[in-house]
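The values are calculated or read from the model by the stated rules, or taken from the named source; none is laboratory data. Worth saying up front: this structure is predicted, and the values here are computed from it rather than measured. All Cβ positions, glycine included, derive from the backbone under ideal geometry; neighbour counts span all protein chains shown. The area values use the complete protein model at the heavy-atom level, side chains included, leaving out ligands, DNA and RNA. Shrake-Rupley method; radii C 1.70, N 1.55, O 1.52, S 1.80 Å.
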Amino acid sequence: MFKLKNIISIKDFEREDVEFILNEASKLEDIAQSKEVSDELKGKILGLMFFEPSTRTRMSFETAMKRLGGDGIGFETSGSSSVSKGESIADTAKMFEGYSDALVIRHEYEGVSKFISDIVDVPVINAGDGAGQHPTQTLLDLYTIQKEIGHIDDLKIALIGDLKYGRTVHSLSNALGLFNNVKIYLVSPQELKMPQEILHDLNETNVEYEEVDNIESIIDKVNVLYVTRIQKERFGDIEDYLKIKGAYIINKKMLEGKDLIVMHPLPRIDEIDSDVDDTKYNKYFTQATNAVPVRMAILKTLIKNNPK
């Protein structure tokens, strides 16, 4: 049985919670792929509060809700809500609580989803908060790894690119601490190394990790290359961004003969060459598609466990 009312941080999960969602997602995949509609959440409304721009996360949540027979309401940026008129986030959240059976929140600042979950009585789902956490992305990442590799225990994975600001790799690192005999290779420029608090968490859960600055030294050792973009929007100085833009680029030639898959939370800029798209290594588009059954599982579980 899934025990959480809200999904704010992957650090709130136990392994059993992760496995429950992945199992539920596998049961719902046929509906997601066939584009059928069930009546699991008929008459339910999902509130989508996206203070920060999003494409895949917002659309996959909305699709997931509609596949379950429900519907969604919301806004796509702060500028399209009354926050732009000076309304407080708390007031906006309380208003959405009155209209919705669950809330999905994306915000540029860490902690906003947690703050909202403390003042409303409907389930709250963190869809990304600044450089903090992105727990539902992590669940679909784990689902993809399990389907494509066949296991998460004993995984060897390289996290590549922006490890300092990348909320997807922060959440994924925490989640991998729930599994056995995992090794993580942390591949980044010096300026974008994994934060110390994440390394502390890995040490606490006895996850083996190694920090390196090049892909060539680890590419033959891993099952998964998990690539992230260098996030221009997280830099205060554009010159700092330009210095390390394009630090790591994955192309078809470097992958030939390797036994691995390439993942990316998207959007990509130039960190994976388009010549990888038509190869067996490309799992980043599959990863994006997997968002629908995983988020269907999340919505079904939270809303049915916590009826309004």
Where a Cα-Cα gap under 17 Å defines reach, which aspartates and glutamates qualify for K94, not counting those fewer than 8 residues away within the same chain?
D118, D121
Cα-Cα pairs of the range 110-191 separated by more than 16 Å (percent)
58 percent
Given the options G98, G130, G69, which has the most mean-square fluctuation in a GNM of the chain, springs set between C-alpha atoms less than 10 angstrom apart?
G98
Who wins for biggest fluctuation among M263, M59, M95 in a Gaussian network model of the chain, springs between alpha carbons below 10 Å?
M95
Theoretical gain in end-to-end length, N206 to T279 [0.36 nm per residue, Cα-Cα removed]:
22.8 nm
Going down the list K27/K164; K27/K308; K5/K193, which pairs span over 29 Å between their C-alpha atoms?
K27/K164; K5/K193
Mean accessible area per residue over the chain (1.4 angstrom probe, all protein chains present, square angstrom) is 43 Å²
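To the nearest 20 debye, what is the magnitude of the charge dipole of the chain about its Cα centre, counting +1 on the Cβ of each Lys and Arg and -1 on the Cβ of each Asp and Glu? Could you put the intermediate results ahead of the total?
Values: 38 positive and 51 negative charges, 152 e Å.
Computed about the Cα centre, the dipole is about 740 debye.
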Given charges at Cβ of Lys, Arg, Asp, Glu: the range 156-220 dipole, positive-most of V212, G177, H200
G177
Rounded to one decimal in nm, the spacing of the 7 Å Cα→Cβ label points at E14 and V37 is 3.8 nm
If the range 72-219 were replaced by its equivalent ellipsoid, with semi-axes equal to the square roots of 5 times the Cα gyration tensor eigenvalues, what would those be, largest first, whole Å?
34, 17, 13
Cβ-based charge dipole, the range 1-105, positive-most Cα from L22, G74, A102
G74
Whole-Hz ³J(HN,Hα) for each residue in the range 195-200, computed from phi via Karplus 6.51 cos²θ - 1.76 cosθ + 1.60 with θ = phi - 60°, x for glycine and proline: what do you get?
x, 4, 5, 6, 4, 4
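Of K3/K44; K156/K253; K147/K253; K3/K183, which pairs sit farther than 23 Å apart, going by alpha carbon to alpha carbon? Working shown, then result.
Numbers: K3/K44 21 Å; K156/K253 21 Å; K147/K253 25 Å; K3/K183 28 Å.
Beyond 23 Å between Cα atoms: K147/K253; K3/K183.
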What length, rounded to one decimal in nm, is gained on full extension from K3 through to K66, with 0.36 nm per residue of separation minus their alpha-carbon distance?
20.2 nm
Within a Gaussian network of the chain (alpha carbon springs, distance under 10 Å), most fluctuating of I125, I149, I219
I149
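May I ask you to give the percent of accessible area on the chain that is carbon plus sulfur, with a probe radius of 1.4 Å? Could the numbers behind the result be given before it?
Numbers: 5990 of 13350 Å².
Carbon and sulfur: 45 percent of the exposed surface of the chain.
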